[in-house]
Amino acid sequence: MDKFYEWRHGYENFAREFRFGRNQSIGAQEAATWASSLPPKALVADLGCGFGEPITGTLVRAGCRVHAVDASPTLLKTLVERLPDVSVECANVTEANFGGERSFDGVIAWGLLFLLPEAAQKDVIAMAARILRPGGSFLFTAPQQRLEWPDAQTDAPSLSLGADVYRKLLQENGFDTPAEFEDHGGNHYYQASYLGNNRSTSS
Ligand SMILES: C[S@@+](CC[C@H](N)C(=O)[O-])C[C@H]1O[C@@H](n2cnc3c(N)ncnc32)[C@H](O)[C@@H]1O
């Protein structure tokens, strides 16, 4: 897989369609429930934030301080217009620096992980462990089964590693056994706490 695969997969070329087509009921309640499990004014990294609704906006309205990362400058521009207090970083998620912050209370990746090649997905899970404080929470969506499919928006290949692999990767990176849920749209998501004993990465 070449280095620029992930950038090509970004939604930049489909920003307008995504903005107007994103179902606003998907993930909103889940993000609100997750935010309510975090400390007041929690510091949260939103990976693959898109144009910021409903996920980033829900977190902001719940009182979180959000650092949002996305590869698409057009989507981020819309996010900044709507949510001016969010700190944003336009980057390939595996190369983001999060403003040097390494003690996030939460990391959320709604609709991102399976867009990335396998190695990058592993990098993101390791990265979440590096930037969370011990006890911090990681929430990400990915289908329960191992499968590949063309992304509905971009037609680019998407890949779920499957629940067994995600659970193993979480454990290897110092997370507890994830709680797993389905939203009302059938999206499977994983929620795990970082225990602070990351064995496979260094800071
Ligand atoms: C399905 S959308 C989800 C957006 C948002 N989380 C939501 O729920 O509406 C996936 C997002 O991930 C971003 N993305 C894809 N590959 C990326 C990468 N390698 N680095 C950073 N962002 C990426 C896309 O630009 C897009 O905004």
### Task
Specify which of the listed residues (91, 71) is free of Cβ contacts under 8 Å to residues at least 24 places away in the same chain, near the ligand (Cβ under 7 Å from one of its atoms) and among the aliphatic types (A, V, I, L, M).
91
### Task
Quickly run through the range 149-173 and pick out the residues that are hydrophobic (A, V, I, L, M, F, W, C) and in a strand (DSSP E or B).
149, 159
### Task
Give the residue that is nearest to the ligand (Cβ to nearest atom), with candidates limited to residues of the range 23-56 that are of a type outside the set (D, E, K, R), out of contact with any helix residue (DSSP H, G or I) (no Cβ under 8 Å at 6 or more places or on another chain) and part of a loop (DSSP other than H, G, I, E, B).
26
#### Entry: Single residue of the range 57-68 satisfying the filter (more than 15 Å from the chain's Cα centre (by Cα) and assigned to a helix (DSSP H, G or I)) that is farthest from the ligand (Cβ to nearest atom)
61
### Task
Please find, within the range 126-148, the residue that is farthest from the ligand (Cβ to nearest atom) out of those that are in a strand (DSSP E or B) and more than 15 Å from the chain's Cα centre (by Cα).
134
#### Entry: Those residues of the range 96-120 which are aromatic (Phe, Trp, Tyr) and within 14 Å of the ligand (Cβ to nearest atom), in sequence order
98, 110, 114
### Message
Please pick out the residue among 153, 144 that is polar (S, T, N, Q) and either touching a strand residue (DSSP E or B) at 6+ places or on another chain (Cβ under 9 Å) or over 22 Å from residue 91 (Cα atoms) (or both).
### Response
144
### Message
I'd like to check something: does the range 64-87 contain any residue that is surrounded by fewer than 17 Cβ atoms within 10 Å (Cβ to Cβ) and modelled with pLDDT under 95?
### Response
yes
### One residue from 123, 151 being modelled with pLDDT of 95 or more and either buried (at least 22 other Cβ atoms within 10 Å of the Cβ) or within 16 Å of the ligand (Cβ to nearest atom) (or both)
123
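The values are calculated or read from the model by the stated rules, or taken from the named source; none is laboratory data. Here the structure is a predicted model, which is why all the values come from computation and not from measurement. Using ideal geometry, Cβ is built from the backbone for each residue, glycine included, and neighbour counts are taken over all protein chains shown.
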